C-alpha cells in the first residue's frame, strides 16, 4: 500500500502481477493505492479493503474477471467507479455490467502497452477506453488519462476494440510465438527489417501465458483472423512450391 497524502483519493487495485505493479507505479503519484492480490502475491490489502475504495481497478487475468466481479459485488460501495485493464474487452465488460450493483459506474480499459514497452515511461502510449455504464464515466476517465498521464486515448466500443485487437495483438503474439519456437536466430547477417521484427518479438517475449490465452482465445474475433492468416500462409507456400 502506498503512503498517502492528505489530498489523495484511495484507489483499489485488485491483481498485483506484472501489469498490476506497473499500474501501481504509474498511479501512485495521484492516488493512495490499496492493492490486493487474489493470486497471493505481495500486495498487503484485503480484497474487501480494495473493493471498498471509490475507484476500483481490476488487473486480474481475463479468465478470472467474472469470478472477481462476483467476489467484489457485495463489497463495492454505491457510486464507485470500477474499471478493468484486460487485453480483450467484450467478455470482461459484459461480466462487470451484469455482475456489479446498479449504482456503480463501469468502464473498460485496455492499456496498449506492458512493462516492456513502458520501461521508459507511459507518456505518449495508447489507451483504449470502452464505455459500459454511467453516462459520463468513460469521458471523465479518458480526459483524466490524457491530461494527467499523457496517454493517447481512444474511445471505442468493446466490440470494435476486440475486432481491431484480433489483428493488431492477435497476429503479433501469434507470429512472435512461432519465431520464438525457431530460436536460436542468426544475429550477424541481419537486415534492418529483420531487426525490427525481432524487436517486436522481444516486447512480448515475457508476457504471461494468461495474456497469450486472452488475446488468442478470449477475443471473439481472433479465430477468424487466425484462419485467414493461415489460409494466406498456405496459399503463399503453395505458390512458392509451384516455382
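Picking from 11, 109, which residue would you name as being farther than 30 Å from residue 202 by Cα and surrounded by 19 or more Cβ atoms within 10 Å (Cβ to Cβ)? Let's see the steps before the verdict.
On the way: 109 fails: farther than 30 Å from residue 202 by Cα.
Of the residues listed, the single one that is farther than 30 Å from residue 202 by Cα and surrounded by 19 or more Cβ atoms within 10 Å (Cβ to Cβ) is 11.
State all residues of the stretch 1-33 that are closer than 21 Å to residue 65 by Cβ, at pLDDT below 95 and part of a loop (DSSP other than H, G, I, E, B); if no residue qualifies, say none.
17
Name the residue, out of 79, 86, that is at positive phi and modelled with pLDDT of 95 or more.
79
What number of residues within the stretch 27-42 satisfy the criterion of being over 28 Å from residue 144 (Cα atoms) and more than 18 Å from the chain's Cα centre (by Cα)?
Count: 3.
Before we move on, is residue 238 closer than 15 Å to residue 172 by Cα, surrounded by fewer than 17 Cβ atoms within 10 Å (Cβ to Cβ) and out of contact with any helix residue (DSSP H, G or I) (no Cβ under 6 Å at 6 or more places or on another chain)?
No; evaluated as a whole, the condition is false for this residue.
Looking only at the stretch 123-148, which residues are over 15 Å from the mean Cα position of the chain (by Cα) and part of a loop (DSSP other than H, G, I, E, B)?
Within the stretch 123-148, 123, 124, 134, 135, 136 qualify.
So, in the stretch 43-69, how many residues would count as being over 20 Å from the mean Cα position of the chain (by Cα) and surrounded by fewer than 18 Cβ atoms within 10 Å (Cβ to Cβ)?
Qualifying residue count for the region: 6.
Checking residue 206 against (1) assigned to a helix (DSSP H, G or I); (2) under 18 Å from the mean Cα position of the chain (by Cα); (3) surrounded by fewer than 12 Cβ atoms within 10 Å (Cβ to Cβ), which test does it fail?
Residue 206 satisfies all of (1) assigned to a helix (DSSP H, G or I); (2) under 18 Å from the mean Cα position of the chain (by Cα); (3) surrounded by fewer than 12 Cβ atoms within 10 Å (Cβ to Cβ) except (1).
Only one of these is crowded, with 22+ Cβ neighbours inside 10 Å and in the same structural domain as residue 16 (by TED's automatic domain parsing): 36, 102. Name it.
Checking each option against the conditions leaves just 36.
The values are calculated or read from the model by the stated rules, or taken from the named source; none is laboratory data. Predicted model only: the values in this text are computed from it and were never measured. Virtual Cβ from ideal backbone geometry, glycine too; neighbours counted across all protein chains shown.
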